[in-house]
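Scroll down for the structure; my scribbles are underneath it.
The values are calculated or read from the model by the stated rules, or taken from the named source; none is laboratory data. Remember, it's a predicted structure, so these values are computed and weren't measured experimentally. A quick note on method: Cβ atoms are made from the backbone with ideal geometry, for glycine too, and the neighbour counts reach across all protein chains shown.
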Amino acid sequence: MTRPTDSLIIFIARIALAILFLWGGAMKLFGYAGFIAYLHAHGVPYAQFMAPIATGVELLGGLALVFGVRMRFVAFVLAAYTIVTAVLGHDFWNITEAAHQQDAVVHFWKNIAIAGGFLLLTVTGAGRASIDGLRAPRGGLRG
């Protein structure tokens, strides 16, 4: 992966994923009580403890995506986090009302697709347009 456009495409992918996580983290932060109620409603254990962790993962992970810092590690963590949120937050198998179930199915598989994007970043790294890229020896897309 050394074509001139590779780093640009990786950068665009990082920003697209970052927007989702920064927005989600900000909404959790500014609607904190509602987020905790949502976690309780979905039966998430230790919601009071998990809420700040989820908020931090989304905000810090989003910033790491923007700047391309420790991308392979961060992308792996965000892939795992996104899969966990798919299972806990979009548990369509527990929903009986058809319209709500269909909505949950779509969100579940979107989360799985997003996790797939993060897994690709664990392979490609952050690209040259990143802090990781500035630290890497010339000649590769390490990060």
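Here are the numbers:
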read-out: Condition check for Ala54: of a type in the set (A, V, I, L, M, F, W, C), over 19 Å from Gly133 (Cα atoms) and surrounded by fewer than 16 Cβ atoms within 10 Å (Cβ to Cβ); value: no
read-out: Any pair with Cβ under 9 angstrom, 6 or more apart, that starts in the stretch 71-91 at a residue that is modelled with pLDDT of 95 or more and ends at one that is outside any helix (DSSP H, G or I) and surrounded by fewer than 21 Cβ atoms within 10 Å (Cβ to Cβ); value: Arg72/Arg142
read-out: Output for the stretch 92-118, where each listed residue is at pLDDT 95 or above, among the small types (Gly, Ala, Ser) and surrounded by 15 or more Cβ atoms within 10 Å (Cβ to Cβ); value: Ala115, Gly117
read-out: Segments classed as helices (runs of 4 or more DSSP H), wholly inside the stretch 39-143, with at least 2 members that are of a type in the set (Gly, Ala, Ser) and in contact with a helix residue (DSSP H, G or I) (Cβ under 6 Å, 6 or more places away or on another chain); value: 47-67, 71-89, 98-124
read-out: Residue in the stretch 16-32 that is touching a residue at least 60 places away in the same chain (Cβ under 8 Å) and either over 30 Å from Arg128 (Cβ atoms) or in a helix (DSSP H, G or I) (or both) present; value: yes
read-out: Verdict on Ile36 being β-branched (Val, Ile, Thr), in contact with a helix residue (DSSP H, G or I) (Cβ under 9 Å, 6 or more places away or on another chain) and either assigned to a helix (DSSP H, G or I) or more than 25 Å from Phe92 (Cβ to Cβ) (or both); value: yes
